[in-house]
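Participant: Starting off with a structure, shown below.
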Amino acid sequence: MNARSSGHDSRGQEETQQPVTLRGTLERISWSAPDSGFVVMQVRVEGELFPIVAVGEIAAPTVGERYLLEGSWDDHPKYGRQFRFTAYEVEYPATPEGIVRYLSSGLIHGIGKTMARRIVDRFGTDTLGVMNDNIARLTEVEGIGSKTLEKIRASWEKQRGVQNVMVFLKSHDISTGWAVRIYRTYGADAIRMMRENPYRLVDDIEGIGFVIADGIARSLGVEAQDPQRVRAGIGYALREASRRDGHCSIPRDTFLHHAAAILEVDEEAILDGLRAALAEGRVIEDEEDLFLPELYHAEVAVTEAIASACSETWNDLDHLQLDAQLAAVEERHDVRYNAQQVEAVHKCLAGPICILTGGPGTGKTTTLIGVLEIARALRWKTAICAPTGRAAKRIAEVTGFEARTIHRLLEFDPHSWVFQRDDTRPVDADMLVVDEMSMVDLPLMAALLRARKPGCRIVLVGDADQLPSVGPGAVLRDLIACGEIETVVLRLIFRQAADSSIVTNAHRVRQGYMPVFDSRLVDGGETFFRVVREDEDVADLIRDLVVSRLPGQLQIDPVRDIQVLSPMYNASAGVNHLNRVLQQAVNGGSRVAFHRGDKTFRIGDKVMQIRNDYERDVYNGDIGFVHAFDEEEDQLVVAFEGRCVSYAPDDVDALVLAYAITIHKSQGSEYPIVIVPLMRQHRVMLRRTLLYTAMTRARRMLILLGHRNALATAVQSPFEQLRNGRLRTRLQERLR
């Protein structure tokens, strides 16, 4: 096989689709990432004029080692053709000359070319067997004494240990990627430690959850009823309830049944494991509810922080003075506050904590501007924050005050994963304002309140009817529902907003009524519904709207002005498929900037960051555009709000296409035009809260398309999907 011969012709393209096996010797490591084992290396393959470039994961790549690589060919934007391997084995040479080259390659300290020749002359093709089984026999070779033998023995055992671990892991169907991470963590002790307790992988190696560890354990012969497995499974079941459904706790009886079903063991085994977990402090029971320790302590911390704020002495404000200052705000901004808004301004400024909530068009932002401007007139230091970068940017734009993400306000350290601001070094503010409060989960709220200095007022702003946080808890709903915290609910829709069918229909859906759709765009319509027939492809309809119909009628940019929101990732109307369709339709002619596996980015592509990156100052949900590929630095360049951010190839997995995103990811943002498919295939996700959140993302136009019964399912579903936890009860007990 000639690695350079296929180029980009059809034969070469066909070859890239087939799995390939190559044998070669590692000549040079061009680049490596020690944490993951990812390497770019040059490999000498028999029959090739030049070394090939191979990329993949190897536990301990060593120049001179001979490998059997399995993978496929790929084209890199800068370096051209590469062999991307997904599995490998170390191959030992079988001929005397091959063994000489192997031993003298620098792999084994104490053996050079001359010594390698002497060893092979003495033992021939049995050399490697002698070194494995009775390495002391090397003293039979001239020039090898006790000191040299020990040097050779240490080097050989280290080299052999790597391969033994990898062979062991691979023999139990552990993927190369995970095997590399396991070896990097445990080294030569990997086999012993995994035999003793394979479930320690969950705690020791990021990314390995219970499912992967359990698969490894079962391949090692661990029985379903094994106490180690049950104890690990108990933590997994609690974390799954938190991760998947947002629960902070599970009732004891429910948990016993749920965990037994997941682990496929009887409830008595779960009960035994639970007793051990409770005794060890890995699970906490409170009023027959079971908590992970971190969530239990977060609930208690939030409760105590709010109780502490409410117990502080607060100076009375001159409400007549506040009215005069509010009148000045009205004059500056040419607005008129209604009675509810005036009440909200007074309560936000006068007490320790106030919640400002209400649906779209009810004036939350206008009210907040009044609060902030009066606070400035009172010479208070204000700190404004939001859970995402997009939400912080938006509140800064509409209020004119600086705003930051909560993580940035609390000075999160990405290396230690610790907030630098806490009760020993609190945020220096007289008033703390949190916008988009519905998105704040329980642990983040606990961290935020921990960093509040005594005497700092707290204003929480958000729509409690929107989707709750992705993380555990329903903090805003619980704070309101406890009935012990000052809350102002703005219900009066302003006249300008009342003229918007988007706003009025969002309120109809919130109340459980079907929306009333506009009939024609030319009549000023804003909210439309397009029925999708059984013989129609919803992806084709969305492509037609994005590429042709809407830009043609409204003179808009199909990428920057239109956002497709889907309830889920998979299926024909899911985010993944819609992104592929829209990328090809909108940007298919642009140059490919990055390609790896099934991920392809083109110049101009709309992309989204899917996890917080504090070093790059880019956050989960931020949307940007692929700007270029820097061939000198081998990095993809993405523009976020005009600021260019560079990504090394291994970091690009933090980016996804964003022509379509999930409704959850849209929280905290607004878009000129929103398109939402509602299909029967989405039925597991069709909730009124989800639909309401999607509708309130649109500023100028909202287009729903799909099946009427899918729309009806969403509208008629229970509005609130309750999350288990005791925050509401704790607050009631503590504050009354």
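The values are calculated or read from the model by the stated rules, or taken from the named source; none is laboratory data. The model shown is predicted, which means the values in this text are computed figures rather than measured ones. Virtual Cβ from ideal backbone geometry, glycine too; neighbours counted across all protein chains shown. Each accessible area value is taken on the protein alone, full model and side chains, heavy atoms only, with ligands, DNA and RNA left out. Shrake-Rupley method; radii C 1.70, N 1.55, O 1.52, S 1.80 Å.
Participant: Got at least one residue in the range 38-55 being modelled with pLDDT under 80, part of a loop (DSSP other than H, G, I, E, B), of a type in the set (D, E) and more than 18 Å from R101 (Cβ to Cβ)?
Facilitator: No - not one qualifying residue is present in the range 38-55.
Participant: Going by what's in this entry, would K158 be described as within 42 Å of the chain's Cα centre (by Cα) and surrounded by fewer than 17 Cβ atoms within 10 Å (Cβ to Cβ)? Write out each step before concluding.
Facilitator: On the way: within 42 Å of the chain's Cα centre (by Cα): yes; surrounded by fewer than 17 Cβ atoms within 10 Å (Cβ to Cβ): yes.
So K158 passes the test.
Participant: Continuing with the same structure: In this structure, is R530 in a strand (DSSP E or B), over 30 Å from L731 (Cβ atoms) and either charged (D, E, K, R) or open to solvent by 50 Å² or more (accessible area, probe 1.4 Å) (or both)? Working first, answer last.
Facilitator: On the way: in a strand (DSSP E or B): yes; over 30 Å from L731 (Cβ atoms): yes; either charged (D, E, K, R) or open to solvent by 50 Å² or more (accessible area, probe 1.4 Å) (or both): yes.
Answer is yes for this residue.
Participant: Can you run down the residue pairs with Cβ atoms below 6 Å, 6 or more apart or on separate chains, where the first is in the range 48-70 and farther than 26 Å from W178 by Cβ and the partner is part of a strand (DSSP E or B) and open to solvent by 30 Å² or more (accessible area, probe 1.4 Å)?
Facilitator: Final answer for the pair search is P51/E27; P51/Q42; P51/R44.
Participant: What number of residues within the range 133-159 are modelled with pLDDT under 90, in contact with a helix residue (DSSP H, G or I) (Cβ under 7 Å, 6 or more places away or on another chain) and among the basic types (K, R)?
Facilitator: Summing the residues that are modelled with pLDDT under 90, in contact with a helix residue (DSSP H, G or I) (Cβ under 7 Å, 6 or more places away or on another chain) and among the basic types (K, R) in the range 133-159 gives 1.
Participant: Can we say D413 is acidic (D, E), at pLDDT 95 or above and either out of contact with any Cys (no Cβ under 6 Å at 6 or more places or on another chain) or surrounded by fewer than 19 Cβ atoms within 10 Å (Cβ to Cβ) (or both)?
Facilitator: no
Participant: For the range 645-736, which fully contained strands (runs of 3 or more DSSP E) count at least 1 residues that are in contact (Cβ under 8 Å) with a residue 40 or more places away in the chain and farther than 26 Å from G359 by Cβ?
Facilitator: Details: elements: 655-657, 660-662, 671-678, 698-706.
In the range 645-736, 655-657 are the strands (runs of 3 or more DSSP E) which contain 1 or more residues that are in contact (Cβ under 8 Å) with a residue 40 or more places away in the chain and farther than 26 Å from G359 by Cβ.
Participant: Please pick out the residue among L467, L476, L460, L449 that is of a type in the set (A, V, I, L, M, F, W, C), open to solvent by less than 20 Å² (accessible area, probe 1.4 Å) and farther than 25 Å from P426 by Cβ.
Facilitator: Being of a type in the set (A, V, I, L, M, F, W, C), open to solvent by less than 20 Å² (accessible area, probe 1.4 Å) and farther than 25 Å from P426 by Cβ holds for just one of L467, L476, L460, L449, which is L467.
Participant: Ok, one more. Only one of these conditions is not met by D441: (1) within 27 Å of the chain's Cα centre (by Cα); (2) surrounded by fewer than 21 Cβ atoms within 10 Å (Cβ to Cβ). Which number is it?
Facilitator: (2)
Participant: Just give me the residues in the range 517-548 being touching a helix residue (DSSP H, G or I) at 6+ places or on another chain (Cβ under 8 Å) and closer than 30 Å to L368 by Cβ, in sequence order.
Facilitator: Within the range 517-548, E526, T527 qualify.
Participant: Another question, then. Right, D428: open to solvent by 20 Å² or more (accessible area, probe 1.4 Å) and either of a type in the set (S, T, Y) or out of contact with any helix residue (DSSP H, G or I) (no Cβ under 9 Å at 6 or more places or on another chain) (or both) or not?
Facilitator: In short, yes.
Participant: Can you tell me which residue in the range 56-75 is modelled with the lowest pLDDT, limited to those that are closer than 22 Å to Q635 by Cα and either surrounded by 19 or more Cβ atoms within 10 Å (Cβ to Cβ) or touching a helix residue (DSSP H, G or I) at 6+ places or on another chain (Cβ under 6 Å) (or both)? Please lay out each step first, then the result.
Facilitator: Keep residues of the range 56-75 that are closer than 22 Å to Q635 by Cα, which gives 56-57, 73-75.
Restricting the remaining residues to those that are either surrounded by 19 or more Cβ atoms within 10 Å (Cβ to Cβ) or touching a helix residue (DSSP H, G or I) at 6+ places or on another chain (Cβ under 6 Å) (or both) gives 56-57, 73.
Numbers: G56: 87, E57: 83, W73: 88.
Selected residue: E57.
Participant: Does A276 count as part of a helix (DSSP H, G or I), in contact with a helix residue (DSSP H, G or I) (Cβ under 7 Å, 6 or more places away or on another chain), in contact (Cβ under 8 Å) with a residue 24 or more places away in the chain and open to solvent by less than 50 Å² (accessible area, probe 1.4 Å)?
Facilitator: Working: part of a helix (DSSP H, G or I): yes; in contact with a helix residue (DSSP H, G or I) (Cβ under 7 Å, 6 or more places away or on another chain): yes; in contact (Cβ under 8 Å) with a residue 24 or more places away in the chain: yes; open to solvent by less than 50 Å² (accessible area, probe 1.4 Å): yes.
When the stated conditions are applied, A276 passes them.
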